[in-house]
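Okay, structure first, notes after.
The values are calculated or read from the model by the stated rules, or taken from the named source; none is laboratory data. Computed from a predicted model, the values in this text were never measured in an experiment. In this analysis, Cβ positions are derived from the backbone assuming ideal geometry, glycine residues included, and neighbour counts consider all displayed protein chains. In case anyone asks, the SASA skips ligands and DNA or RNA and just uses the protein heavy atoms, side chains included. Shrake-Rupley method; radii C 1.70, N 1.55, O 1.52, S 1.80 Å.
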Amino acid sequence: AAIARHAQQGGAVLGICGGLQMLGEALIDTHGIDGNAPGLGLLPLVTQFASDKTVTKTRACFGQVKGVWAGLSGVEVTGYEIHHGQTVPHPAMVAAGHVAHEVLPGLAWQNTSGHVLGLYVHGLFECPEVLHALFGQQAPTLDVVFDGLADFLSQHMSADVLQALIEKPQ
């Protein structure tokens with residue numbers, strides 16, 4: 001309810017994988033995998049669960065993205081998909097004139113105003129290009145963050161402390 005309220009007030013919402021599925025109108029599970037459920041209704045999409053799970057590496061380029069996510073326009077993203085559902089525009093919603101703008105073919109959609117974005121690409125924030133597009137060139141990549149953390153730990157903790165924690169009986 002809080003997410004729906006936030007979006008209805010124009011707040012930015014990003015849903016990845018199951019988050020994308022929940023942003024739609026409905027989740028339909030004829031195979032008894034995860035169960036049927038209504039969505040939040042923030043994107044005019046419907047997800048039909050399949051018996052086979054999609055598990056694949058993904059590389060794609062964002063098309064024209066609007067609103068708060070516009071910085072992603074033209075950005076190439078790499079990551080992976082791991083989901084049972086197949087998400088498509090909801091036929092009844094499309095017939096009524098409600099359109100989800102597909103910004104990554106078969107992988108990402110956003111609402112008309114541009115503040116709600118849902119996609120199937122895990123690892124989005126591991127792409128330096130995505131971080132820089134959304135947060136500016138000064139945004140540190142995960143590699144930089146983890147290297148800094150490792151440097152901090154090596155400066156402030158001796159290696160034998162970590163080994164002692166590993167070997168400590170439960």
When residues of the range 1-17 are limited to those that are out of contact with any helix residue (DSSP H, G or I) (no Cβ under 6 Å at 6 or more places or on another chain) and touching a residue at least 40 places away in the same chain (Cβ under 8 Å), the one nearest to V65 (Cα to Cα):
L14
Check off (1) assigned to a helix (DSSP H, G or I); (2) open to solvent by less than 20 Å² (accessible area, probe 1.4 Å) for G11 and give me the number that stays unchecked.
(1)
Inspect the range 27-41 for any residue being touching a residue at least 12 places away in the same chain (Cβ under 8 Å), among the small types (G, A, S), closer than 14 Å to Q86 by Cα and open to solvent by less than 70 Å² (accessible area, probe 1.4 Å) and give the result as yes or no.
no
Residue that is assigned to a strand (DSSP E or B) and among the hydroxyl-bearing types (S, T, Y), where the choices are T30, T47:
T47
May I ask you to list the residues in the range 91-135 that are over 20 Å from G67 (Cβ atoms) and small (G, A, S)?
A92, A95, A96, G106, G123
For D52, state whether it is part of a loop (DSSP other than H, G, I, E, B) and open to solvent by 70 Å² or more (accessible area, probe 1.4 Å).
no
Restricting to the range 57-102, and then to whatever is touching a Cys at 6+ places or on another chain (Cβ under 6 Å) and open to solvent by less than 20 Å² (accessible area, probe 1.4 Å), can you tell me which residue is nearest to H115 (Cα to Cα)?
V77
Across the range 92-132, the tally of residues that are touching a residue at least 24 places away in the same chain (Cβ under 8 Å) and either part of a strand (DSSP E or B) or within 23 Å of R59 (Cα to Cα) (or both) stands at 25
